[in-house]
Amino acid sequence: MKISDTQLKQLLEAAIFVADQPLSAQKLQDSVLQDLNVSNRQLEKILDELVLDYRPRGVQLIKLATGYRFVSMDSLSPWLSKLWQEQSPRYSRAMLETLALIAYRQPITRGEIEDIRGVSVSSNIIKTLSERDWIKIIGHKEVPGRPALYATTKAFLDYFALSSLDQLPSAGLFDQQKDQNAEAAQPVADADEAVRGKVQPDDDQSDMDLLH
């Protein structure tokens, strides 16, 4: 069965809108387009047109790691968030640093993360990131003990609205910002130590308080 470009655009728009997960070109071919004579070239052309059509709007069509999905503009988040009563999840600094290191240095072992951060990585952090399907074990490093190698997943890319790791800010900017944050925090840390003594927070407990 033949279908015009106008009809195809309407069908693709509706399919992506009602789907409960991102739809890839292959998934579209295997589902709503299964009985239609649509070439991959025609499909990609219409998808690109839809992306451009929605670019100036409050709702945009973006391509993620696992397919296309409609999302609201990031700049509208402060107002749109008022539609929901519950607060957005809060993540501890330790968890975000661990996730960032895995994203930028993958594949990486838990020991290597600990060497860079200078503190131990709690089991709760690794468990939470794994349960959220943001990281996974992709193998084991060929050294004594064969520690697990961690990497990010497509679900991680989808959650942060990325189509690939290439869209992450450059590692150089990440390291520079980390150094600036450390320098800015040092005077405060010195004052805290003078008052309270050298006491390290419990990563396990802080993450459990924030996430549960």
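Want the number for ARG55 to SER120: 0.36 nm per residue separation, take away the alpha-carbon distance, what's left?
So the extension gain works out to 19.0 nm.
Applying a 10 Å radius around every beta-carbon, put 130-139, 161-170, 73-82 in order of their mean neighbour count, most first.
130-139, 161-170, 73-82
Would you calculate the separation in nanometres between label points at PHE70 and LEU36, each defined as 7 Å from the Cα along the Cα-to-beta-carbon direction?
1.6 nm
Given H placed on each backbone N at 1.01 Å, which residues far from ILE108 in sequence or on other chains put an amide H within less than 5 Å of it?
So ILE108 has HN proximity to TYR150.
If you consider only alpha-carbon coordinates, what radius of gyration and Dmax does the range 89-139 have, in Å?
10.1, 30
Per the Kirkwood formula on distinct C-alpha pairs, the Rh of the range 5-82 is how many angstrom?
13.1 Å
Using amide H atoms built 1.01 Å from N in the peptide plane, name the residues 5+ places from HIS140, or on other chains, whose amide H lies under 5 Å from its own.
For HIS140, the qualifying residues are LEU149.
Mind listing the phi-derived Karplus ³J(HN,Hα) values for the range 163-169, rounded to whole Hz, using 6.51, -1.76 and 1.60 with θ = phi - 60°, and x for any glycine or proline?
Running phi through 6.51 cos²θ - 1.76 cosθ + 1.60 with θ = phi - 60° gives 8, 7, 5, 4, 7, 5, x Hz.
The numbers here are math on the coordinates, done by the rules we state, and not lab data. Quick caveat: nothing in here was measured; it's all calculated off a predicted structure. Every residue, glycine as well, gets a Cβ built from its backbone with ideal geometry; the counts of neighbours run over all protein chains shown.
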